[in-house]
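Novice: Just passing along the structure, written as structure tokens.
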Amino acid sequence: MYCQRLSIPVSRISMLPILCRAKQGALVRCLQTSPMQRDIDSAAKYVGAGAATVGVAGSGAGIGNVFGSLVIGYARNPSAKNQLFSYAILGFALSEAMGLFCLCMGFCILFAF
């Protein structure tokens, strides 16, 4: 109960109902006070998820850069093929992991918050 008082600014306490009655008589807090507030919250959620998934494009560019450098390395030194390929796979895995992390954060923003 005291945490609810701290989370709402003083000027809005008198304007918004802090507590709503539930069916069992328990008191719960209203999180969204109007349809417009719900629309603003969902729009912010979509913008945040879109901004989080922009990193997937960077992952694609990084993977292209890794394998482009691999081809150039093969052309310059064909005898180091195995060592270059292991470094390329490591670069691919790290770049793909960052892309998947960005995609997961976008899904977390959409569905968990």
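Novice: Is it the case that region 76-86 has a residue that's not β-branched (Val, Ile, Thr) and not in a helix (DSSP H, G or I)?
Specialist: yes
Novice: So which residues in region 45-66 are surrounded by 14 or more Cβ atoms within 10 Å (Cβ to Cβ) and either touching an Asp or Glu at 6+ places or on another chain (Cβ under 7 Å) or within 17 Å of MET98 (Cα to Cα) (or both)?
Specialist: Hits for region 45-66 are ALA49, ALA52, THR53, GLY55, VAL56, SER59, GLY62, ILE63, VAL66.
Each reported figure results from applying straightforward, stated rules to the coordinates on display, with no laboratory input. In this text the structure is predicted, and so the values were computed from the model without any measurement. In this analysis, Cβ positions are derived from the backbone assuming ideal geometry, glycine residues included, and neighbour counts consider all displayed protein chains.
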